[in-house]
Every structure is written in C-alpha cells, then in structure tokens.
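Written below as structure tokens is the structure these notes are about.
The values are calculated or read from the model by the stated rules, or taken from the named source; none is laboratory data. In this text the structure is predicted, and so the values were computed from the model without any measurement. Here the Cβ positions follow ideal geometry from the backbone for every residue, glycine too, while neighbour counts run over all protein chains shown.
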Amino acid sequence: MFESPRTHGENVRVSKKEHLQTCESKGQVYMQKASIETVVLTIFATSQILSPHYFAYKYEGPQSCHNTVPYKRASTSMSSSTLFSLTLCFLVLFNCCFAQIEQVTSRHDQQQARRRSSQHSECQLQRINALEPARRIKSEAGVTEIWDENDEQFECAAVAVIRHTIQKRGLLLPAYTNTPKLVYVEQGKGIQGAVFPGCPETFQSSGQFSRDGSQSSEDQHQKVRQVREGDVVALPSGVADWFYNNGDSPLVLVQLLDTSNPANQLDQDFRNFFLAGNPQRELQSQRSSYQRDQFEGQRGRQDEDESRRHQQDRNRNVFGGFDEQILAEAFNIDTRLARSMRNEKDNRGIIVRAEHELQVVSPHQSREEEEREIEHRRGRGGRFNGIEESFCTARLKHNINDPERADFFNPRAGRLTTVNSLNLPILRSVQLSVERERFDVTTLEYECPSIIYITRGNGRIQIVGDNGQTIFDGEVREGQVVTAPQSFAVVKKAGSQGFEWVSFKTNDNAQVSQLAGRVSTIRGLPVEVVANSFQISREDARRLKNNREEVSVFSPSQSGRSDEIA
C-alpha cells in the first residue's frame, strides 16, 4: 500500500494496482495536453531515473504519479515497489511522448497518404469524357453552373467544379464551404472579400452614403481585394467569402472544391453554407442522394407534405433554421430585423443585384508592389515563420496570366505558368495548386491528378493508363472539363485556334514529369537502355533521346510531321 497526498493535504492509502491505474490515466491526459517542448524535456528527465526522490524533485508530470515530497518508506520492499510503479508509469508517458511527436511531425504525410489510399480504392477508370456543366441555376444577377459530381472521373479525383457568371453590379452572396477551394477568374474584374474566423477588421471607411443621400457612420471590415482576369484565389475551409462585379463585363469565376481534403470531416459532398439569401436546392451537392438512390433503387413517392417541408428546409441560409427570438438575442436586435436575416421570401438566388454601386474600402495594389511582395517572400524561401505571414494576413491571390511570370516560354510554341505553395504559401494549407498553359503545339507528360478546364481555343487530348489503354482521345473546346488521373500519361495538341487551359491539381507543390524533351524521363536513360528497351539501334536511340531540346513546350516538328502524335 502507498500513502499518496491529495488536494487537502491528507495521506490516503491506496493499493499498488489503483496507484498504477491512476498514474497511467493521468499520464495520458497530461501527455495529450503537453506541448512538444515539454514532452522533450519530460523524455530527458525520465531517461535519468535514479530513485523515487529524483522524480519527486525533477519531474513535472501529473501529481498522481509522484509527490512533491519523498514517499514514506515502511521497508526496503516498499521502496522497490514504489520505484517499480513509478518506472512503469513513466514508461507509459515515454511511449505517449513519441506518439505525440510522431503525430505532429508526420501529420502532413498521413493526410497525403489518406488521400492516395482513398483514390486508389475508388478509381477504376476505363473511359472518361470531356464534360459540360450538368446543372444550370439562374439568379437575379447571374448564372451558376455545376458539373456532375457523380461522374466517375470527378468521384475518382474527389473534386467538384462550379462556374459563376456574375453580371454588372452582381453580388455573389457570402458563404463558406466544408472544403478548401481554388477560384480562377476567367473573365472580368471585381472585388472579393474573405472573412477569417477570429481575425480583426483591419479596413476602415470614413463613412457610407445611405439610400437617401445622407452620410452614415464609419464601417470596419476585413480585407477586400481587387481581382482581375487571371487571378487565382485560394480559400481555406470555413472561410466565408463573397465576390462583386464592379466592371462593365461579366465576371466569370471557375471554382474547384476538394472534397477529399482532410479539412472536410463530413463526407464526399461539398456543402455551401450561405449566410444570406434563399439559395436554390440544386446548388448543394447531389452525390450522396445519387448514391442512396443507386443503392436503394427507385422508391415510391413519400408524403407530399413531408417532401415539401424537407425541400423548404434545404432552401434556406444558415440563419433560416434558427428561431427568430434566439437570433434577436444573439445579435441584440429586434425580431423584425431577425426575421429579415432568414430571407424566407427572397427569390433572387445566390447572385443578387446591388441597388447602388458598392462603396467599400479596397485599395488597389499596383503591379510593382505585388512584385516586391512576391520577391520578398521568395527571398525568405516561401516559408511560414509566424511573423511574415499569419493566418489573418495571408496572401490569397496570385495572377497566373501575366506573361512575365511564366515558368516556361517558347516564342514558337507557348508558355506555362504555375501557382503553388512556393509563390502562394497559403496553398500549403489548402493542399492545392494550379497551372495555366497556353500552347500552339504539343506537350507530353505525366503528373498528379489534374482537372483540366479549357479556357480558350480547341485541341486534342490523349490520356493513357498503366496498361497502355487509351481512356480518352478526343477534341476538346472552351468550357469543357477533362480529368487526368494520377500518373496517367497525357498528350495535348493545340488546334487551329490555339489552346489555353488551367489545370487544377490536388497537391500544393505538384511535380510534372515530362515524357519527351530535354528534361524528360527518356532523356535521362542511357542509350544502351533505350536501344534494348525499344529494340532499336543505338543511332535511333540517340535520336529518340536528343531530337527535342525544348523543356516542356514543343515547337512544330522539324521533320514536317507535326500533325502526328506518336
């Protein structure tokens, strides 16, 4: 039996078994709450076990596993038992220490492995198609188009693709999603706002003009950004955002939502949580409902009242499900205003027309300022350091259309520009990246999963799987989407009108491996290996390796056979 001090100072006699159980459970709780620095120090202390007295003065773990004063000894066997108990207790803590450290240091690898495992078990692609939007939802000041997320290629990539077309003075209502997303500004210009939870309102206006022309009090809000054609905007899960078209032409936004991202802890559906309006039911993902119908088969129609009530529940913003009185108390407003927040009779959709031009503070960043900011970040290696870029001040956008930012350029062929976590660090958090390619000729490569959205022109794409089977071979045009699975070989050939596209990738620093060209896989093989692999002469092997000097973008073939794809 042990004498263990309690909170009131008295000694309580407990059994060895009870002491060990209490010690073990308390130690686990302690380890879960400890920081890594504390854990490391604890390992150092426990590695120098000398006696129970040492623990009493050196170890700063749970009080149930030691005393701040030495234990009273009744006999030598009692001391040995105490030492054994404490040693066992700290061995438990020692194991927890390593588990904690390993969990922190390998969390990113585990997330990537989980994504890969999920894709491997679900992807059995035999044939894919170039897809047009499957659903078209009209709003007061624009149109929303959604690609069929139940298509096999989107299920394999675990993504959803949405396109918003916002008319002049159109406002895409504030909303947040259960997944991170990338937004590509295909056309037009406007302003965009993102509200990061817990961050302060750093923008302040001197005053707003109300409808009657009088000046109202000043307004404070989080940062608002100017966006233009070619901008890529990264938004983490749970960050509410909105877009407004302050230009004269339509503002077209292409969004990619990554439902397999570890930030999504629900299911494979994307969910839009609108903070205002009365969103249409078709705007939500239909993947789960489709799978239920496939599993259960066609079911009889249910009670009409129940169906109508269910539909009404779906056609609300997030405040629509709360009681008016509770909303009034939460915002310290009257019930009339709380009723307006529910927007139950609002039929404008999710893109509404502003009555007057929005007057918000949005300083325009010059190109020179943006370039200096990017170079400053590159000079620091593009890493997060807690001061340079915090969650609240993270840079969210990067323009991918600027020719001067191209990573590869061939005046006879085209250019390629990449946005990844190196030049837009927040992409490491959302684990996404994007490429924009403008070609007049041919490329041949393999890479990580890519969702290819055609922005201009036309061309031909071939995709080949691991067994040499062609799963896609066809012409594609503006507005279509094609998915290239991971490691599948892809060749793209421009048509008569040129060929432009953006390629969304489910990796923050995606690596592309060329199959042809100066840095290709074939170029890296010895001539003897190439000759014996293809059963060709050494001279032919040298030509196969060295006839292309371009890196990624290939100019027309000098052999006069540029219309062929080998």
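Okay, here's what the table says:
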{"read-out": "Single unsatisfied condition, E388 versus (1) part of a loop (DSSP other than H, G, I, E, B); (2) at pLDDT 55 or above; (3) not hydroxyl-bearing (S, T, Y)", "value": "(2)"}
{"read-out": "Leading residue by the ranking (modelled with the lowest pLDDT) among those in the stretch 402-425 that are out of contact with any strand residue (DSSP E or B) (no Cβ under 7 Å at 6 or more places or on another chain) and within 16 Å of E500 (Cα to Cα)", "value": "R412"}
{"read-out": "Residue check, R428 modelled with pLDDT of 85 or more, under 23 Å from the mean Cα position of the chain (by Cα), within 23 Å of F243 (Cα to Cα) and surrounded by fewer than 22 Cβ atoms within 10 Å (Cβ to Cβ)", "value": "no"}
{"read-out": "Residue check, E550 modelled with pLDDT under 90, surrounded by 14 or more Cβ atoms within 10 Å (Cβ to Cβ) and over 32 Å from the mean Cα position of the chain (by Cα)", "value": "yes"}
{"read-out": "Test: G238 is on the phi > 0 side of the Ramachandran plot and buried (at least 17 other Cβ atoms within 10 Å of the Cβ)", "value": "no"}
{"read-out": "Inter-residue pairs, beta-carbon under 9 Å, first free of Cβ contacts under 8 Å to residues at least 24 places away in the same chain and in the stretch 338-360, second acidic (D, E), 6+ apart", "value": "A338/D323; A338/E324; A338/E329; R339/E324"}
{"read-out": "Residue match in the stretch 156-167 (condition: of a type in the set (K, R) and at pLDDT below 95)", "value": "no"}
{"read-out": "Flag if E140 is at pLDDT 80 or above and more than 25 Å from A484 (Cα to Cα)", "value": "yes"}
{"read-out": "Whichever residue in the stretch 462-509 is in contact (Cβ under 8 Å) with a residue 40 or more places away in the chain and small (G, A, S) and, among such residues, is surrounded by the most Cβ atoms within 10 Å (Cβ to Cβ)", "value": "S503"}
{"read-out": "Residue tally, condition more than 23 Å from A413 (Cα to Cα) and not acidic (D, E), over the stretch 448-480", "value": "10"}
{"read-out": "When residues of the stretch 431-457 are limited to those that are farther than 17 Å from Q486 by Cα and aliphatic (A, V, I, L, M), the one modelled with the highest pLDDT", "value": "I454"}
{"read-out": "Residue ranges of strands (runs of 3 or more DSSP E) in the stretch 468-552 with at least 3 members in contact with a Phe, Trp or Tyr (Cβ under 7 Å, 6 or more places away or on another chain)", "value": "481-484, 489-505"}
{"read-out": "Flag if S421 is touching an Asp or Glu at 6+ places or on another chain (Cβ under 7 Å), not in a strand (DSSP E or B) and not β-branched (V, I, T)", "value": "yes"}
